[in-house]
Every structure is written in C-alpha cells, then in structure tokens.
Number of protein chains: 2
Amino acid sequence: MEKKVVVALDAMGGDYAPSEQVKGAVEAVGESKDIKVLLVGKEDEINGELKKYTFDKESIEVVHADEVIANDESPTKAIREKKNSSIVTAMKLVREEKADAMVSSGSTGALLVGGQLLVGRIKGVKRTPLAPFIPTKKGASILIDCGANVDARPEHLVQFARMGSIYYKNVMGKERPTVGIVNIGSEEEKGNQLVKDTFPLLKGCSDINFVGNIEAREIPKGACDVIVTEAFVGNVILKLFEGLASTLLGSIKQGFLSSFRSKIGALLLKPALKKTLKQFDVSEQGGAPLLGLKGLVVKAHGNAKSLDTKCAIIQCVTFKKQNISRQIKQSIAGEEK
Amino acid sequence: MEKKVVVALDAMGGDYAPSEQVKGAVEAVGESKDIKVLLVGKEDEINGELKKYTFDKESIEVVHADEVIANDESPTKAIREKKNSSIVTAMKLVREEKADAMVSSGSTGALLVGGQLLVGRIKGVKRTPLAPFIPTKKGASILIDCGANVDARPEHLVQFARMGSIYYKNVMGKERPTVGIVNIGSEEEKGNQLVKDTFPLLKGCSDINFVGNIEAREIPKGACDVIVTEAFVGNVILKLFEGLASTLLGSIKQGFLSSFRSKIGALLLKPALKKTLKQFDVSEQGGAPLLGLKGLVVKAHGNAKSLDTKCAIIQCVTFKKQNISRQIKQSIAGEEK
C-alpha cells in the first residue's frame, strides 16, 4: 500500500475556525484515501466538532496546540513567542517530516515568517514567494509574488519565474508554461528600474518560456500562465481583482432587483450568472503555496469554508506526489552552474 | 459678454480620428456657448469632416498641422522632431495663451513629455501626474499618478496628494476630499520603502485630509476620493480595472446567451445591466488631466468617440473657470514657506 500524504491543518486559523476547518478535513479524507490529516489546535474544540461526523479514524488525528496567532499580531514576534500556537506546531510537524505539508487560513505574515524560520528555504532560494492562482477567461494563471516581502531585486524575480513555471507545469499539466512580467507597456524599454533590469535576465534563461511584458489589462484575458511581479504590485493586483469582481457583481445583482421586469429576468438568468460568478471567484482557486521551502506550506483564504479547506488539502497530494520541492531544488541548484 | 474658453483639440490623435474628434467638437460647441474649439491637424481632412455638420462658425476654427505623432514613436524624439505635428502645435497654442487648454486622444507619452517641454511646469512642481477618474460604487475617485514617470520619491507623492485634492474639490464640489495611499495592508508600519517614507509626510500636512493606507480591494467600493500612488502601481490599477471589468462583463453576456431560458432573461434584464455597465466604464469618466502644468493638458481615451471627446472638451471649462492651475500654484508655493 502506498504511503498516505500527511497534511497538518491549522484548525484554528480563519474566520470560521475551527468548525469549517474540521468539516473540510473530514470531507478531504472522505474523498481521497491517499490523505491523512493532522488537525492542529485546541483539542477540546476540535474534538467537539469531530463528534458531528463519521470518518475513518485512521485518517484523522488531533495534535494539541493551545495558542492561536491572530491576524493583527506582529508576525515575527508571534512566531518567536507563541511556541504552542497551531501555526508553529504545524510547521514543526513539517520540519520534522511528520507531515508532508501544512495548510492554514491564518495570518499570511506569520506563515511567511514561520516558513522561513521554522520550515526553512531550499538551498539557493533567495525568497519564498506566495503564488496564488487567479481566474482568467482561459482558466487560471499564477501570480507570483503576492507575499509581504516587497522591494524585490531582479534575481528574485528570475527565481520566481523558475519556481512558478515548475509549479504551473506540475499542477496544470502544461509543458513549458508561458511566463510574462507585469509592466506598464508592451515594449521592451518601458517600465520601472526593476522591470528593466529583470527583462534581459528572463530573456536569457533557456528554461523559462518568457513571452515578455504583459500589461495589467491583459491579465484577466489569460495573457500568460505565470505572471511574475514584485510582491507589492502582486498584492495590489490580487486584491483589486477580488474587490472589483465582488463590487461589480454586487452592483449587477442590485440592478437586477431594481424593477419587476428585471426581477423576472434575474430569475431566469440565475444559473448562467452563477456559473460566471464561480469562474471569476478568487476563493474558488484553492490555497496558495509558498514556493521554495523545504516542505509545503499552503495559505488558504481567510474566509475559507469547508470546500476551500478540502481543496487546499487535496492540492497537497499533487504537490507531494509530483515532488515539486525536489524539482525546485534541482532547478535552483542548476542556476549556479 | 464673458470670454469663451478656448480649447485646442488634437484632431489627429485616437483610434477614430479625425471623424469622432471633429464630431465631438461640433457637439461641444452646440452644447455650451462658453466654448471655442481650435481643431488642430490636417486641414483638408478636418474640413472634409466639418462639411457634414452645421455649427456656429465663430465657435470652431481649424489650425493646420501636417504631421501626426504615432503611439509607438519615442515620445521625446517625436516631440523634438515633429514640430508640425498636431500635438506640438496644440501645445504651442496653450503656451502662447492662444488656447486655455488642449485635449488629445493621442500618445500618452508624447503628451507627458510635451507637457513638460512645451507647456512647462508650475514653479515648484516636481512632477506632473496624470490623474484619471475611476468609477466606484459611491461615484468616482481620482487615481494619481497613472502616467509614465515611474519610481517616484516621497515628496512627489505629497505633491500628488495636494494637487489631487484641489482638482477633486473643484470638479466634484467636495470640501476637504479624503486622501488615501495605496498599500498592501491597513496598518501604518506596512508597505514598501516609498509608502513607509511617504506616510508620515502625508500625516503631517494640515491641508491634506489624509485617511491613511488603503488596500486595492477597497478602491472599487469608493474608499477615498483621492487615491495616491506611484505611477507604475497606478497604471497597473487603471489597466486591470479596465481589463477586468470588460472581461467580466463579456463573460456575463456570453453566459446569458448559453440557453434559451437565459436569453429570455437577458432580454428582460438589458436596461438594468446597461446602467451598471455604464457606471463601471472607465471611458465614461471623461479625460484625465495632467496636473501641475502652466496650462491645461487633458488626455482623452485612445478609443474616444464623439461623446468622450465632447465630455473632455467641456471638462476644460470647469478647470479654467475655477482657475485650478492658479490654486495649484498657490498651494505649491505655500509648501516652501
């Protein structure tokens, strides 16, 4: 029998923790025999939730951790001081290879800091980017980096392109995914100093299928598979994407209720509209991995429900089975030759 | 009789030039007796279009210019070498005070360079930002800077906040408009070096109604009136806004045609949907001024039709009558005391 992929789930992080996290874990092990989930957090609360379900007892285990890191805490301080928090405990399970991966809907900052300090970077990796999928007309692209380490240097962006390509290829099954860099024009000489300095480096990498500058306007159309950008800009893109999609769709719904005529129309249109809403919902895209760490750390959306949690857990199986970390390690080691 | 506001219109710039530009000029002078338009460009072509309409001959004049600056030309080179281009000719009219303002749907880069070299900056103004309105749930915010001068310094952003506040107040009639700076978190200590250095400066300005950091997610909700950001990020926001709105609405429309049921629904919903589409259409927001110049330069959308052109021309009347340039001059002079 093949060994199960063990995922440590931070049961205490997220707006609906621990109930939706526990439910998501039960659903994940129900769907795939390949998974074992370690539910990390306050034992009493987790067991209270677990009682509601029937599940294979071999596939879920509770690991007690009595502290919780809140979203508004200083990440560095919290990781150093809250040694019994669910995040720190889950990360230690990954570091000690008792878990293959960890998933959390908790503080992004704490995950980024903890990833570096507790799980550790792969040798040669300079920065560990957060790489969520964003929905596009053609499917999905990854946006790398959306983390909190801003003011990147050109060599960081080149590593992002490399790690992003490996990740996209393995998860989406596409050979030589296209890579673009976010810029304010499509011509080579345009942009800020960082982009101008990075462009020739990307152009010179034979292992990267670089297609040049892409303008933000082209992103929702699916201009390329891997969208490389510095974290400040990536964060702005990700959040504007979420905010605009929800504001726009909210306004459309509101318009639908503005007259009797439009109410009838809306009733008839509901199924078609729901499908589109789903297609452009950032939270439907599962969790975002932190790339370049020795083990897998996945950030799930802060308002994750059980479905999102289940998807993020199942995502870890692909990551582990395709051995993405080892592929990244080899690729980064290859850089120095 | 009050003197007319004279607007030099680049009749040759834009995807539908000169026909939509000429039509827009005719519509503008038809709507307001306060306006005189100088149509700048190839005399023969412009007169050919003008023949189609009846209009007050006192309100439209043709100024011949036989060259055109294309979008893909180097802006600096084009402004220096094409002395008989419509853009350079229109700018000279502003510099020589033969026109109060100029409007163009042509090359943004050429307008930015030409604005600096030919019209000239107000004394003390360090950079001249491009400040378009973007639609929000509450109405509209201005996004400053969306130009091509990237890698700004903190003192540039402070001037942007100051000029943007004056512009917003005069155009929207709101005293003490709120000013926010784009950041990747709402806490004061977050962000890249530029934002961290700018935050305390903005906080210390008594003439700026600074409300702190705003996340990109909040922009479509109408988080503040004046959104201050460096041009690279501003450009990304503006273009993602355009691209996502059009992709999303395109997908919704497509979904509406997916079944007989939804087609009927769509027919009933058309008026409500059209209203929402209009509300979030960036091109409905008129032209974007270049702030901080001695005269007014307005960039209209590259795909401007006659309606957009008309709006951009009429916008110049407010700018001129409220004497926004003088207000900016006084405010910037006040900085040095």
- Task: Only residues that are at the interface with chain A (Cβ under 7 Å from one of its Cβ atoms) and either part of a strand (DSSP E or B) or not small (Gly, Ala, Ser) (or both): list them for region B:272-292, please.
- Result: B:Leu273, B:Lys275, B:Thr276, B:Gln279, B:Phe280
- Query: How many of the residues in region B:215-236 are of a type outside the set (D, E, K, R) and either more than 21 Å from A:Thr229 (Cβ to Cβ) or surrounded by fewer than 23 Cβ atoms within 10 Å (Cβ to Cβ) (or both)?
  - Reply: 4
- Message: Residue pairs, Cβ under 7 Å, 6 or more apart or interchain, first in region A:130-143 and within 12 Å of another protein chain (Cβ to nearest Cβ) and closer than 21 Å to A:Val297 by Cα, second of a type in the set (D, E, K, R) and outside any strand (DSSP E or B). List them.
- Response: A:Leu130/A:Asp145
- Among what's in region A:27-59 and is farther than 14 Å from A:Val103 by Cβ and among the hydrophobic types (A, V, I, L, M, F, W, C), pick the residue that is nearest to the chain's Cα centre (by Cα). A:Ile46
- Looking at (1) surrounded by 18 or more Cβ atoms within 10 Å (Cβ to Cβ); (2) more than 25 Å from B:Ala28 (Cβ to Cβ), can you tell me which one B:Leu267 breaks? (1)
- Of the residues that make up region A:309-330, is at least one without any contact (Cβ under 8 Å) to a residue 60 or more places away in the chain, over 15 Å from A:Ala99 (Cβ atoms) and either part of a loop (DSSP other than H, G, I, E, B) or assigned by TED's automatic domain parsing to the domain that holds A:Ile237 (or both)? yes
- Task: Tell me the strands (runs of 3 or more DSSP E) entirely within region B:47-164 that contain at least 1 residues that are in contact with a Gly (Cβ under 7 Å, 6 or more places away or on another chain) and at negative phi.
- Result: B:101-104, B:133-136, B:139-144
- Members of region A:187-213 found to be closer than 14 Å to A:Cys224 by Cβ and within 10 Å of chain B (Cβ to nearest Cβ), listed by number: none
- Message: Every residue in region B:78-136 that is within 27 Å of B:Val158 (Cβ to Cβ), surrounded by fewer than 21 Cβ atoms within 10 Å (Cβ to Cβ) and of a type in the set (Lys, Arg), please.
- Response: B:Arg121, B:Lys123, B:Lys126
- Message: Quick check on A:Ser283: is it under 23 Å from A:Ile87 (Cα atoms), modelled with pLDDT under 85, among the small types (Gly, Ala, Ser) and under 20 Å from the mean Cα position of the chain (by Cα)?
- Response: yes
- Message: Tell me whether region A:226-233 contains one or more residues that are under 30 Å from B:Ser186 (Cα atoms), more than 14 Å from every other protein chain (Cβ to nearest Cβ) and within 18 Å of the chain's Cα centre (by Cα).
- Response: yes
- Item | Answer residue from region B:15-45, given it is more than 17 Å from B:Val63 (Cβ to Cβ) and not hydroxyl-bearing (Ser, Thr, Tyr) and is surrounded by the most Cβ atoms within 10 Å (Cβ to Cβ) among those | B:Glu20
- Message: For region A:227-253, give me each residue that is without any contact (Cβ under 8 Å) to a residue 12 or more places away in the chain and within 14 Å of B:Arg217 (Cβ to Cβ).
- Response: A:Val236, A:Lys239, A:Leu240, A:Gly243, A:Leu244, A:Ser246, A:Thr247, A:Leu248, A:Gly250
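Where residues in region B:244-258 are within 7 Å of chain A (Cβ to nearest Cβ) and more than 29 Å from the chain's Cα centre (by Cα), which of them is surrounded by the most Cβ atoms within 10 Å (Cβ to Cβ)? I'd like the intermediate steps shown before the answer.
Initially, region B:244-258 is screened for residues within 7 Å of chain A (Cβ to nearest Cβ), giving B:244-245, B:247-248, B:251-252, B:255-256, B:258.
Then drop every residue that is not more than 29 Å from the chain's Cα centre (by Cα), which leaves B:255-256, B:258.
Working: B:Gly255: 20, B:Phe256: 23, B:Ser258: 15.
The residue in question is B:Phe256.
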- Do the conditions hold for B:Glu81, that is, is it acidic (Asp, Glu), touching a residue at least 60 places away in the same chain (Cβ under 8 Å) and in the same structural domain as B:Gln116 (by TED's automatic domain parsing)? no
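The values are calculated or read from the model by the stated rules, or taken from the named source; none is laboratory data. These numbers come from a predicted model, not from an experiment. Note that each Cβ is placed from the backbone with ideal geometry, even for glycine, and that neighbours are counted across all protein chains shown.
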